[in-house]
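Novice: First the structure, which I've put down as structure tokens, then a few questions once you've had a look.
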């Protein structure tokens, strides 16, 4: 009879965390608990493509390891749990090649699916700023413990994106429709105490007690029946899964098209350049009959000299021959 490993090519025996040679995460397994730490503190633990691949592989390993009863997800250092996707990567890669955002989102979906379907309880250890996709990973976990000075926010409408990687699907399930709309539309932070009151985290503790609180919660989970935990998690996942599977593919396609537009270029380059985004300028352009969807106007001009077509309407010179338009 073939084994699962032979059929799937996926190891089912315990594997040493060090054998993975991860670059962007720290993966540990000890005392029935697996720990995945996003290890990019220089960028506030924002995840890039490599990070998502490593997180996915760690989640899959923990799922198949019978020596793991609980998984803890956290970030390195004390400043940030996770601040979402690396905006510098978005600005550098996906505003230039929007089709690659579709590939990136495929990895993002795989990573989230691996975490949500791990078959074991998961705990978010919120040790610092939780922003954007970081909150989506927080919500993907079953439970969350936050240090008392933590803030949580969504940021999509500030940087030219949409929080369609979990927040638009799950936030209203956790905190209610009005509160979710407030977080998503305004992109303003809430305190850890608000998050606890609203149901976005389970416990808020002084920073010095964070590890103890997380460890106590993990050991309580270890002392429960694993099959009962797994099926309870599967049942409770129903509404999250329903919302996710109905919308995640649509979000992937829409975001990949959206990256060809002006909003993500303006929002993300402004973020990288550390300057205010020109929100009003785009609104004024639309009000005055312009085309804010395009960086340099719609492709509608033709060069009278060389005949090249599809030149942006706002360009003064032909980009091919240099003729004044």
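The values are calculated or read from the model by the stated rules, or taken from the named source; none is laboratory data. Since the model is a prediction, treat every value here as computed from it, not as a measurement. Here the Cβ positions follow ideal geometry from the backbone for every residue, glycine too, while neighbour counts run over all protein chains shown.
Novice: Considering every residue within the stretch 222-231, establish whether at least one is in contact with a strand residue (DSSP E or B) (Cβ under 7 Å, 6 or more places away or on another chain) and at negative phi.
Specialist: There is at least one residue in the stretch 222-231 that is in contact with a strand residue (DSSP E or B) (Cβ under 7 Å, 6 or more places away or on another chain) and at negative phi.
Novice: A follow-up question, please. Here are the criteria: (1) assigned to a loop (DSSP other than H, G, I, E, B); (2) over 21 Å from residue 15 (Cα atoms); (3) out of contact with any strand residue (DSSP E or B) (no Cβ under 9 Å at 6 or more places or on another chain). Tell me which single one residue 119 does not satisfy.
Specialist: So the condition that residue 119 fails would be (2).
Novice: Taking residue 300 and the conditions (1) over 24 Å from the mean Cα position of the chain (by Cα); (2) assigned to a helix (DSSP H, G or I), which numbered condition does it fall short on, given that it satisfies the others?
Specialist: Only one criterion is unmet by residue 300, namely (2).
Novice: Another question, if that's okay. Inspect the stretch 175-192 for any residue being buried (at least 20 other Cβ atoms within 10 Å of the Cβ), out of contact with any helix residue (DSSP H, G or I) (no Cβ under 8 Å at 6 or more places or on another chain), touching a residue at least 12 places away in the same chain (Cβ under 8 Å) and in a helix (DSSP H, G or I) and give the result as yes or no.
Specialist: The answer is yes; a qualifying residue exists.
Novice: Which count do you get for residues in the stretch 37-60 that are in contact with a helix residue (DSSP H, G or I) (Cβ under 6 Å, 6 or more places away or on another chain) and closer than 13 Å to residue 118 by Cα?
Specialist: 4
Novice: Just a yes or no: is a residue in the stretch 130-137 part of a loop (DSSP other than H, G, I, E, B), touching a residue at least 12 places away in the same chain (Cβ under 8 Å) and in contact with a strand residue (DSSP E or B) (Cβ under 9 Å, 6 or more places away or on another chain)?
Specialist: Within the stretch 130-137, one or more residues are part of a loop (DSSP other than H, G, I, E, B), touching a residue at least 12 places away in the same chain (Cβ under 8 Å) and in contact with a strand residue (DSSP E or B) (Cβ under 9 Å, 6 or more places away or on another chain).
Novice: Which residues, taken from the stretch 266-286, are over 23 Å from the mean Cα position of the chain (by Cα) and either modelled with pLDDT under 95 or part of a helix (DSSP H, G or I) (or both)?
Specialist: 279, 280, 281, 282, 283, 284, 285, 286, listed by residue number.
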